[in-house]
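Here the structure is laid out as structure tokens; the discussion comes afterwards.
The values are calculated or read from the model by the stated rules, or taken from the named source; none is laboratory data. Being a predicted model, the structure only gives us computed values, none of them experimental. Glycine gets a Cβ as well: all are built from the backbone with ideal geometry, and neighbour counts include every protein chain shown. Calculation scope for accessible area: heavy atoms of the full protein, side chains included, ligands and nucleic acids excluded. Shrake-Rupley method; radii C 1.70, N 1.55, O 1.52, S 1.80 Å.
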Amino acid sequence: MKKVKPPSSRRAEIQHLYESYASGQSTLPACDLVRFLHKEQMELTANQETAESLIERYEIEETARESRCLTFEGFLRYMESKDCCVFDQTHASVYQDMDQPLTSYFISSSHNTYLTGDQLVGKSHLDAYVCALRKGCRCLEIDCWDGPDMEPVVYHGYTLTTKILFRDVIKTVEQHAFEVSACPVILSLENHCSKEQQEVMAQYLISILGEKLLRAPLDHLTTGDLPSPNDLKYKILIKNKKLKNKAEGASGTEIEESVDEGEDGDEEDEEDEDFQTTSKFWSARKAGPKKKKVVVAKVLSDLVIYTTSVKFVSFSYSKDNQSCYENTSLAEKKACKLARSSGADFVQHNQKFLCRIYPAASRTSSSNYNPQEFWNVGSQLVALNFQSLGLPMDLNDGRFQDNGGCGYTLKPAVLMSSQRSFDPSCSQHRLKATHLLLKVISGSNLPIPRSGKALDPFVRVEINGIASDSCRKNTHTVKHNSLTPHWDTDMIFNISVPELCLVRFCVRDHTGFLSSDFVGQYTLPFSSLKKGYRWVPLLSRDGCSLDPASLFVFVWYS
């Protein structure tokens, strides 16, 4: 007798659901589909019309469609569609309030945007800017240096990274800035150029960017002192030092400000670290870097409107002296110390001012820090090396998948309240925590490694939020099953500040007693998590779809 191949575990699970709502009938009527949507999927606004539109979309059998019913095959198509995705599809378009000041948003930001590799010998390439912009990045870094024939160049100074022309970078930005998002782009200049070549840079910015370049303050702002993303739609802003015009000589001429070079010239101790890192690199080559002063050219200074780089001294100094259109940059180590010692002050600082965080100079391989710690204190411009793949970039992609992938997501109310102080390092934030139940049911069509050997897969679910909320749990390992692994594992998480959390599903291949290899992952904000039986699409290390590889889960929280 011929053996009947058992259905895949997920298919069996879906069949069980289908049969329990079809109540012995051969098809699932629209009224019972509404019951399923209410009870299991928590879609309480669903009605007869909702159900009929799903039947129209997913049922291909004519008689079933005419009688407003779903066959099992139609139900399966629905359960494996975007309508059943774990990511709330209403968040796949811009849905948040975009009329708040820039300080109210997390803004997708990149560090050393021009690099495709490490920051000692890696290549600089225009494609790196294209890739970042296509991923929704809205703050790009441009390290500018004097080049031959009065042509400024972009590269990582004092190293063997290759050079590209500043002019070509600006042309690339002009061409691709608003391909995936209408939200404003900030060009963060790390300016090491002579006054003469800064004037060349300014002319390129004006002539190439044209109307897209913001050259004067706006006449009317929607709200607050700083403009909103909507106010600045399709505009490019320049972030750089600006000449001080408050101190005027007897002749009425502006006093030129000279600034230390380094990452925005903001942190002397961090500049020293940057200087030491490159000095070590060059020590065997006898030609070490020489520190010098950079004077800002007036024509470039005039292009800096709402994003003036100033040195960070302290939170109290900023409160008393910093203007809303001035912003600071902090290296990760200093920012980390401040987040842990003065979290509430950091949160309040970021309610008023834009703050950029950048990776330590010691990360010569262009590795990344975990951005979550800096989002937890409300820093807007948390800059990562977009070319370096792994957990930090997965979190960044997950965070900015929200709000239509426009590169701006509204900071949660807990970070914006002027009445209630918030410190992410304090564990007790709410009397009542949010309880999250995740049942990891099964997987489907997981990618097989190059060896051709079937996977021994397990799923790791990670909660990334404030320190007391961050944790991870694993399912057991299923041996030799890439096609239809079945875990049926319940995981319970208690989360005190869910609005800051990202949830990451990661499939791994158990390769040894304490070792495992990455297979695929999917990260999304807790606030975009749909309840009920959901389909989790898996992505590769570089963020590409591994379709049809996916997970099947059940989500509940209260």
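Based on C-alpha pairs under 8 angstrom that are at least 6 apart in sequence, region 110-149 has a relative contact order of 46 percent. In the context of the full set of protein chains, residues of region 329-445 present 34 Å² of accessible surface per residue (probe radius 1.4 Å, heavy atoms only).
With the charge dipole of the chain set up from +1 on Lys and Arg Cβ and -1 on Asp and Glu Cβ about the Cα centre, the Cα lying farthest toward the positive end among the listed residues L539, L437, A51 is that of L437.
Each peptide among 89-95, 226-232, 197-203, 187-193 gets the average number of other Cβ atoms lying within 10 Å of its residues, and from highest to lowest they stand as 187-193, 226-232, 197-203, 89-95. The long axis of helix 268-282 is offset from the longest Cα principal axis of the chain by roughly 90 degrees. In the chain, helices alone account for a calculated mean residue ellipticity at 222 nm of -7500 deg cm²/dmol, with every DSSP H run of four or more residues adding -39,500 (n - 2.57). A Cβ-based charge dipole, computed about the Cα centre of region 35-106 with Lys and Arg at +1 and Asp and Glu at -1, lands at about 160 debye. Give me the percent relative contact order of the chain, please, defined on Cα pairs under 8 angstrom at least 6 residues apart. Once divided by the residue count of the chain, the mean separation gives 15 percent. Short-range pairs are left out: with C-alpha atoms under 8 Å and at least six residues apart, the relative contact order of region 493-543 is 34 percent.
The charge dipole of the chain, taken about the Cα centre with unit charges on the Cβ atoms of Lys, Arg (+1) and Asp, Glu (-1), comes to about 1400 debye, rounded to the nearest 20. Sorting the segments 130-138, 145-153 by their mean number of nearby beta carbons within 10 angstrom, highest to lowest, gives 130-138, 145-153.
Surface composition of region 79-176: carbon and sulfur atoms hold 51% of the protein heavy-atom accessible area at a 1.4 Å probe. Peptides 344-353, 61-70 ordered by packing proxy, namely the average of other Cβ atoms within 10 Å per residue, highest first: 344-353, 61-70. Accessible surface for V121 stands near 90 Å², nearest 10, in the context of the full protein assembly shown (1.4 Å probe).
Residue pairs exceeding 25 angstrom between C-alpha atoms, taken from K171/K241; K241/K333; K135/K242; K235/K333: K135/K242; K235/K333. Principal-axis analysis of the Cα atoms of the chain puts helix 166-176 at an angle of about 30° to the longest axis. Once the Cα atoms of helix 30-39 and of the chain are each reduced to a long axis, what angle between those two axes, in degrees from 0 to 90 to the nearest 10, is obtained? Approximately 60 degrees, to the nearest 10.
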